[in-house]
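See structure below.
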Amino acid sequence: EIYEIEKTAFIKRYKATKPKVSSIDADIFRYTQVAAKVMDADAMVTTQFLQLDFSMLKNSIAAHCKEWQQRLTQLLLEMATDDLEDIYVYMKEKGEKVSHVPQNLDELGESMALLEHLQKDQGRIEEKFSPLDEQFAVLDKYEVEYTEEVEHRKKHLHADWAAFQETLVEAEQMI
């Protein structure tokens with residue numbers, strides 16, 4: 001299973017299932033355990049008059065385990081980065097739309113409907129924060145590095161969300 005499965009195809013199928021963070025974490029940990037067990041096994045085994053050297057096999061299996069770990073952490077990083085980006089795109093696009101001063105009655109009606117939709121949608125967006133925090137906690141656990149932009153956005157997400165909510169309050173006062 002470790003070396004027989006085509007890794008790229010498996011990761012694509014795995015990503016399509018939208019796995020939970022706990023599943024990915026468990027899979028990464030499983031490969032860590034397998035690699036540790038393999039490396040703990042004796043490399044040289046003597047049986048009757050034969051001496052068998054398993055060092056190359058051990059190294060190969062450990063390398064496959066490490067590759068699985070890297071691919072799974074990369075998948076989790078992609079998922080976390082995409083989710084974070086989606087939230088920031090949502091805040092930017094919706095913030096710009098709702099802040100636009102209506103020029104006529106049609107635009108006023110659209111602005112009011114948009115504001116109402118955004119106010120109702122806040123809970124749905126906030127529900128994404130906890131899973132996102134979990135994703136980044138697992139990435140930090142495995143010491144995965146990410147870009148400065150992702151680090152900055154991750155660190156300031158709650159403050160930026162509060163600023164977006166303030167934009168909604170200002171838009172409500174404007175309308």
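Brief remarks follow.
- Residue in region 50-67 that is under 20 Å from Lys141 (Cβ atoms), modelled with pLDDT of 95 or more and under 16 Å from the mean Cα position of the chain (by Cα) present: no
- Set side by side, the residues Glu67, Glu85 differ, and just one is under 24 Å from Asp121 (Cα atoms) and surrounded by 13 or more Cβ atoms within 10 Å (Cβ to Cβ), which is Glu85.
- Hits in region 7-42 (condition: in a loop (DSSP other than H, G, I, E, B) and more than 21 Å from Met79 (Cα to Cα)): Ala41, Asp42
- When residues of region 107-131 are limited to those that are more than 19 Å from Ala163 (Cβ to Cβ) and in contact with a His (Cβ under 8 Å, 6 or more places away or on another chain), the one most open to solvent (accessible area, probe 1.4 Å): Glu107
The values are calculated or read from the model by the stated rules, or taken from the named source; none is laboratory data. All figures in this text were calculated on a predicted structure; none of them were measured in a lab. Note: ideal-geometry Cβ built from the backbone for every residue, glycine included; neighbour counts use all protein chains shown. For accessibility, only protein heavy atoms count, side chains too; no ligands or nucleic acids. Shrake-Rupley method; radii C 1.70, N 1.55, O 1.52, S 1.80 Å.
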